[in-house]
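Structure, as structure tokens:
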Amino acid sequence: MAETALTETTVAQVMAELAELEDPRAREVNEKHGDDHGVNLGKLRALAKRLKTQQELAYRLWETGDTAARLLAILICRPKAFERDELDAMLREARAPKVHDWLVNYVVKKNPHAEDLRRAWSVDPDPAVAGAGWALTTERVAKKPEGLDLAGLLDVIEAEMKDAPDRLQWAMNHCLAQVGIEHAEYRARALDIGERLEVLKDYPTSPGCTSPFAPIWITEMVRRQGGE
């Protein structure tokens with residue numbers, strides 16, 4: 001009982017601190033990307049560093065449904081502590097793109113159920129969920145490609161990426177680029193698919209940044225790695 005009361009007090013204190021960090025200008029910028037919060041991420045990370053790892057508090061912050069609180073929860077949780085079905089439910093609740101991305105990259109990738117979720121999510125009818133599956137696949141393409149059917153992945157990308165919803169399309173495009181960058185034997189095909197589909201070809205790119213258009217992305221990263 002005392003622990004529950006303590007957690008409730010802490011949740012209230014943390015929510016009050018997040019409210020103090022709210023910046024209307026930051027919210028305006030974030031909302032353009034679909035993220036409904038106004039907390040500077042550097043300040044959010046500083047708060048997480050101060051709180052350190054607290055799994056119970058992370059659960060309670062997630063339950064608030066508040067985007068900034070959920071981002072903080074991701075930073076202070078223990079990624080390996082979550083069960084498979086918990087992560088599946090959390091991903092489906094995580095509608096803000098930043099929460100979605102952080103959950104996949106900071107939690108799911110470090111969880112022992114990541115491969116099982118990758119397989120399930122990749123074929124999910126919800127494009128946001130499928131995008132998470134493709135993000136996990138991209139991780140495997142880069143770090144642990146053994147057992148992956150790379151030719152099969154390229155078949156799916158070739159058939160489906162052009163008409164995929166934005167977030168799913170972005171994830172598939174990243175996977176296409178990663179195959180081309182990491183696997184020389186599939187590079188020509190990856191470049192060809194990118195050239196023909198023209199996905200993200202006209203995406204605005206800041207000076208000094210690499211275009212997400214797969215042929216440019218692949219060519220530049222291979223060049224930096226000293227490849228052919």
**Message:** Could you compute how much accessible surface T64 exposes when probed at 1.4 Å, giving the result in Å² to the nearest 10?
**Reply:** 60
**Message:** Charges at C-beta only: +1 for Lys and Arg, -1 for Asp and Glu. How large is the resulting dipole of the range 1-109 about its Cα centre, in Debye rounded to 20?
**Reply:** 540
**Request:** Go through the range 52-62 residue by residue and turn each phi into a ³J(HN,Hα) via Karplus (6.51, -1.76, 1.60, θ = phi - 60°); whole Hz please, and just put x for glycine and proline.
**Result:** 6, 6, 9, 5, 5, 5, 4, 4, 5, 5, 4
**Request:** Could you tell me which of rounded, prolate or oblate describes the range 129-228, using a ≥ b ≥ c as the square roots of the eigenvalues of the alpha-carbon gyration tensor, with rounded for a/c under 1.5 and, failing that, prolate when a/b is larger than b/c and oblate otherwise?
**Result:** rounded
**Asked** Tell me, what HN-Hα J-couplings in whole Hz come from the Karplus equation 6.51 cos²θ - 1.76 cosθ + 1.60 at θ = phi - 60° for each residue of the range 201-214, using x for Gly and Pro?
**Response** 4, 9, 5, x, 10, 5, x, x, 9, 8, 4, x, 4, 3
**Prompt:** Relative to the first principal axis of the alpha-carbon coordinates of the chain, what is the inclination of helix 150-160, with its axis defined by its Cα atoms, in degrees from 0 to 90 and to the nearest 10?
**Reply:** 80
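Can you tell me the relative contact order of the range 128-228? Whole percent, Cα pairs under 8 Å, sequence separation 6 or more. Mind dumping the intermediate values first?
Working: 108 pairs, mean separation 25.0, N = 101.
Rounded, it is 25 percent for the range 128-228.
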**Request:** Could I have the simple spin-label model distance between R50 and K143, label points 7 Å from Cα toward Cβ, reported in nm to one decimal?
**Result:** 3.1
**Request:** Report relative contact order for the chain in percent, whole number only (criteria: Cα-Cα under 8 Å, sequence separation at least 6).
**Result:** 11
**Request:** Could you give log10 I(q)/I(0) at q = 0.11, 0.12, 0.21 Å⁻¹ for the range 1-99, computed by the Debye formula over C-alpha point scatterers of equal weight, without solvent?
**Result:** -0.32, -0.38, -1.12
**Fill in**
So the carbon and sulfur contribution to the accessible area of the range 107-207, 1.4 Å probe, in percent, is 52
**Cα convex hull of the range 48-106 - mean projected area over all directions, nm²** = 3.6
**Message:** How would the chain be classified by its alpha-carbon gyration tensor: rounded, prolate or oblate, with rounded meaning a/c under 1.5 and the a/b versus b/c comparison settling the rest?
**Reply:** prolate
**Fill in**
Probe 1.4 Å, heavy atoms of protein chains only: per residue, the accessible area of the chain in Å² is 54
**Asked** To the nearest 10 square angstrom, how much accessible area does D155 have with a 1.4 angstrom probe?
**Response** 80
**Fill in**
Classified through the alpha carbon gyration tensor (a ≥ b ≥ c as square roots of its eigenvalues; rounded if a/c is under 1.5, else prolate when a/b is larger than b/c, else oblate), the range 81-179 comes out oblate
**Asked** To the nearest Å, what is the center-to-center distance of the range 195-228 and the range 112-190, using C-alpha atoms only?
**Response** 17
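The values are calculated or read from the model by the stated rules, or taken from the named source; none is laboratory data. Given the structure is predicted, the values throughout are model-derived calculations rather than measurements. Here Cβ is always computed from backbone atoms with ideal geometry, including for glycine, and neighbour counts include all displayed protein chains. Each accessible area value is taken on the protein alone, full model and side chains, heavy atoms only, with ligands, DNA and RNA left out. Shrake-Rupley method; radii C 1.70, N 1.55, O 1.52, S 1.80 Å.
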